[in-house]
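The block underneath contains the structure these notes are about, expressed in structure tokens.
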């Protein structure tokens, strides 16, 4: 083959020759027919859509759709146009990235060569002035990468929103997944859709509660009344944990350099626990203890019980106490987290065109209330509205909230039981002595006959003598353990109250039918009040289900066929959680890394054999799958199948790889896939 037949030279320009300049074909494609593949892809997608339309739409609608002719051709052209646009953008992006990498590589190599001829004094001078980090474009490149990453994230979220809106239109239904998706779905405490009381057919009321834990907040939140001593100790605790993490990372690198197996998750935890005493101890009264290495005990005594405010009569700018407090206040540690959350939610509402007429920021209580309209009377409010309540809870507040919740549920039980007793007494008093009204009357009338003809012969006790455990309203509940006592759900009690309300309403209808005396009107008014208050209470969040952290409570009213506020608030919530919460982090996934055994080539197990010299197999080497197939097809296949399983010999190390060290940093797999290993090793390491 002559040189002219090799279309690899940059001087060759041709649109079809592989790897020529301007060619759409590459030698890396191994002469695949790209046009045929594209046509096959577009034809398949077009046929899918056409078949779906033909199966879902009526015949008359199909005739109107295809009245202009060529619906399949239009779909084909639409797919073709979009495919070409995506492919062209991908190619342009790939070429730009490749050019940038090649340019950076050339610049790096030129710098290495030129540094040989740079006088040593100049290099030392540059290093003393600012260091190597000051004389490169690394930070600028990182900023560019971050900007493009954020842009890609916004585009991806926009595509997700479009997909969810399309799915909701097709389903004609809105569910919880329309609000919070992906990595923040676990934070939902309660989400309930119910019909509006005034307009049940056209308007929906939605209750959504999101709980962001303290450990998940990007910027930690503290109460306004927290002491300065607590803030400083919290900073010291974070300092200790950070130092322990740095030591553990160094230990991991040392083990990798020495070729030792990496630490397991349990070993990492135990190593961290063992290093805590290097930084602190429990000797709170000893001024020379390790806990006072960073801040002296005398300073802690000066700021004991010092809160956010000092009495004006005691304030002195020269005191040690006041200056320590000022250092903490300048850093704005006390209010930084809550103010960040307020700025985030208000700015997102403004940019999302979700204006509000009423806002109340209770800073000292760490509570924020935002309403779209100032008026609270539902009779005068539009059908599209929202209300956001954001509040920070610590453990002490939740304990008090749970106590109040316990008292409220007991009060509901008392009031409903009292109404139940009143209706039952009136129901029994209105019964006629000569008329059978219900099953109890019939059972009482035949009580003596049952005892005489059945129970006396069989020797069984009468129904009235048997202890009645089931109240015929709700099933018998199980006994409480310590877990249920500390995390009460009150599902059984709420269900019992709801069932009694339903039964009482049915009793009133059976008792009075079409008559409306004063007694019925009074009982129905009381019953309606109890039912309305019960459902309002049931709509609230159970504080036993909340953990210390930030609680976002959203009440939305939206038109069912419009859902404008629902869709807009979904975007607001996702943006807010993305900016305030770090999200759930699984420690197993976070610490999971590729073990050295998956990188080394000297311990790979294979059915194929290699020579003693460690040379690589030739092209004619039989693959393990083919060898096993040949074994089964041979005459000794039956004996081999009955024999014990083949033991895989360890492959000998290749020449030149025996002394090779693994990379210093282990390669961490992408979460959710990537690091594929054998099932046994994967189970052991996870």
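Every number here is computed from the coordinates shown, using simple stated rules; none is lab data. From a predicted model like this one, the values you see are computed outputs, not experimental measurements. Here Cβ is always computed from backbone atoms with ideal geometry, including for glycine, and neighbour counts include all displayed protein chains.
A Stokes-Einstein calculation at 20 °C with viscosity 1.002 mPa s, built on the Kirkwood radius of region 332-406 over Cα pairs, returns a diffusion coefficient of 150 µm²/s. Taking other C-beta atoms within 10 angstrom as a stand-in for reagent exposure, 273, 504 fall in the order 273, 504, fewest first. Three principal axis extents of region 396-547 based on alpha-carbon atoms, in descending order, are 63, 46, 16 Å. In a fully extended conformation the segment linking residue 453 and residue 239 would gain 68.6 nm over its present Cα-Cα distance, using 0.36 nm per residue. For residue 188, project a label point 7 Å along Cα to C-beta. Then give me every residue of region 543-559 with its amide nitrogen under 16 Å of that point. The answer is 552-556. On the beta carbon distance between residue 319 and residue 394, with R0 = 35 Å, the FRET formula returns roughly 0.75. When you restrict to C-alpha pairs under 8 Å that are six or more residues apart and normalise by the size of region 396-547, the relative contact order lands at 44 percent.
In this structure, residue 435 and residue 160 have a Cβ-Cβ separation that, at R0 = 60 Å, corresponds to a calculated FRET efficiency of about 0.35.
Packing, as the average of other Cβ atoms within 10 Å across residues, places the peptides 457-468, 96-107, 328-339 in the order 328-339, 96-107, 457-468, highest first. Note on 420, 470: ascending count of other Cβ atoms within 10 Å places them as 470, 420, the fewest first. In terms of its Cα atoms, region 485-563 spans 54, 43, 18 Å along the principal axes, sorted from long to short.
Using the C-alpha atoms of region 364-445, what convex hull volume per residue, in cubic angstrom, is computed? Before the final figure, lay out each step's value.
Working: hull volume 17.4 nm³, N = 82.
Hull volume over Cα atoms, normalised by residue count, gives 212 Å³.
If I take R0 = 30 Å and measure r between the Cβ atoms of residue 98 and residue 39 in this structure, what FRET efficiency does the formula 1/(1 + (r/R0)^6) give, to the nearest 0.05? E(calc), rounded to 0.05, equals 0.60. Straightening the chain between residue 152 and residue 514 buys 123.7 nm, computed as 0.36 nm per residue apart minus the Cα-Cα spacing. The gain in end-to-end length when the residue 270 to residue 353 segment is fully stretched comes to 24.8 nm, 0.36 nm per residue minus the alpha carbon separation.
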